[in-house]
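Below: one structure, written as structure tokens.
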Amino acid sequence: MLAKRLPDFKILAVAALAVIVIFLAMSQLINSLHVSGLEISLSRYSFNSERVNESSVADDNAVISSMLSSTFAGGYEYELAAKALSWQAYKQLTDNETELTKQYLLSSIRTRPTWYATYLELAQFESSDSSLGQIELARRFGPYMPLTLFAQFDAGFSRWNHLDNQQRVELSTNFLTTALKWKYRDELSRLLTYSQGAERMCRLLAFNNTKHEKCQTNING
């Protein structure tokens with residue numbers, strides 16, 4: 001009797017395993033669709049698409065809720081969710097969810113602590129002094145990435161009076177070495193547009209016989 005039951009148990013075990021595999025595959029597929037949909041939404045936010053409105057924001061938030069409840073929700077998914085909330089707040093399409101955005105970023109860091117870009121995202125929500133710690137962590141894990149380099153320039157030139165002479169020399173040298181490279185022209189333009197230390201950067205460029213269109217306003221007005 002026992003010998004006859006063993007095949008039944010094997011069939012049940014195989015069937016149960018098949019159901020689990022199918023469930024996981026479907027869950028992963030749904031998560032992939034959510035991620036792709038949210039990536040498209042972020043593109044619409046950044047390009048100021050007319051299709052971004054309260055209805056689309058509600059849809060995106062529903063996707064975020066479903067995506068983060070998935071078994072496969074990880075660092076990338078939490079970072080996507082944080083970026084979506086940041087864009088929504090920036091475009092004044094929803095209430096400023098600063099704390100929730102920070103929670104998403106911290107959750108992202110917990111699941112992939114060596115990804116430099118998330119620290120830079122988190123630095124934007126910290127005070128001036130606290131943000132330096134996040135930028136330092138980004139430098140540790142992505143020292144040569146453009147985002148890290150320009151975040152360091154922004155923080156350094158904006159806090160110039162807090163630097164000693166050696167730090168100023170190192171910062172200025174690194175800035176000139178990077179800024180004069182053509183491949184970083186877009187990053188430099190953005191930096192000179194928003195940084196509080198833009199005027200000092202512009203004067204440093206001018207001293208080294210380098211002109212930049214963004215510097216005319218920073219130096220003259």
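The values are calculated or read from the model by the stated rules, or taken from the named source; none is laboratory data. None of the values given here were measured: they were computed from a predicted structure. Reconstructed Cβ throughout: ideal geometry from the backbone, glycine too, with neighbour counts over all protein chains shown. Surface accessibility is based on the protein's heavy atoms, side chains included, excluding ligands, DNA and RNA. Shrake-Rupley method; radii C 1.70, N 1.55, O 1.52, S 1.80 Å.
Taking the criterion of being assigned to a loop (DSSP other than H, G, I, E, B) and either open to solvent by less than 60 Å² (accessible area, probe 1.4 Å) or in contact (Cβ under 8 Å) with a residue 24 or more places away in the chain (or both), the residues of the range 127-158 that qualify are Gly142, Pro143, Met145.
The residue of the range 159-185 that is farthest from Cys202 (Cα to Cα), among those that are of a type in the set (A, V, I, L, M, F, W, C) and surrounded by 12 or more Cβ atoms within 10 Å (Cβ to Cβ), is Leu163. Every condition in (1) buried (at least 16 other Cβ atoms within 10 Å of the Cβ); (2) on the phi > 0 side of the Ramachandran plot is met by Gln92 except one, and the failing one is (1).
Inspect the range 189-208 for any residue being open to solvent by 70 Å² or more (accessible area, probe 1.4 Å) and under 21 Å from Pro143 (Cα atoms) and give the result as yes or no. The answer is yes, given that some residue of the range 189-208 is open to solvent by 70 Å² or more (accessible area, probe 1.4 Å) and under 21 Å from Pro143 (Cα atoms). Figure legend. Inter-residue proximity from the range 165-186: first residues in contact (Cβ under 8 Å) with a residue 12 or more places away in the chain, second residues part of a loop (DSSP other than H, G, I, E, B), beta-carbon distance below 9 Å, spacing 6+ or different chains. Indicated pairs: Leu171/Leu163; Leu176/Asn208; Leu176/Thr210; Ala179/Thr210; Ala179/His212; Leu180/Asn208; Leu180/Thr210. For the range 194-204, the criterion of being under 22 Å from Tyr116 (Cα atoms), of a type in the set (D, E, K, R) and part of a helix (DSSP H, G or I) is met by no residue.
So that you can scan it fast, the table gives a plain yes or no per residue for (1) among the β-branched types (Val, Ile, Thr); (2) in a helix (DSSP H, G or I); (3) surrounded by 15 or more Cβ atoms within 10 Å (Cβ to Cβ):
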position	(1), (2), (3)
Asn61	no, yes, yes
Ser65	no, yes, no
Thr71	yes, no, no
Leu80	no, yes, yes
Lys83	no, yes, yes
Trp87	no, yes, yes
Ser107	no, yes, yes
Thr114	yes, no, no
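Inspect all residues belonging to the range 47-57 and state whether any of them is modelled with pLDDT under 70, of a type in the set (D, E, K, R) and in a loop (DSSP other than H, G, I, E, B). For the range 47-57, residues modelled with pLDDT under 70, of a type in the set (D, E, K, R) and in a loop (DSSP other than H, G, I, E, B): present.
Determine, yes or no, whether Gln124 is open to solvent by 70 Å² or more (accessible area, probe 1.4 Å), within 19 Å of Ala198 (Cα to Cα) and not hydroxyl-bearing (Ser, Thr, Tyr). Spell out the reasoning first.
Details: open to solvent by 70 Å² or more (accessible area, probe 1.4 Å): yes; within 19 Å of Ala198 (Cα to Cα): yes; not hydroxyl-bearing (Ser, Thr, Tyr): yes.
Considered against the rule, which asks whether it is open to solvent by 70 Å² or more (accessible area, probe 1.4 Å), within 19 Å of Ala198 (Cα to Cα) and not hydroxyl-bearing (Ser, Thr, Tyr), Gln124 comes out as yes.
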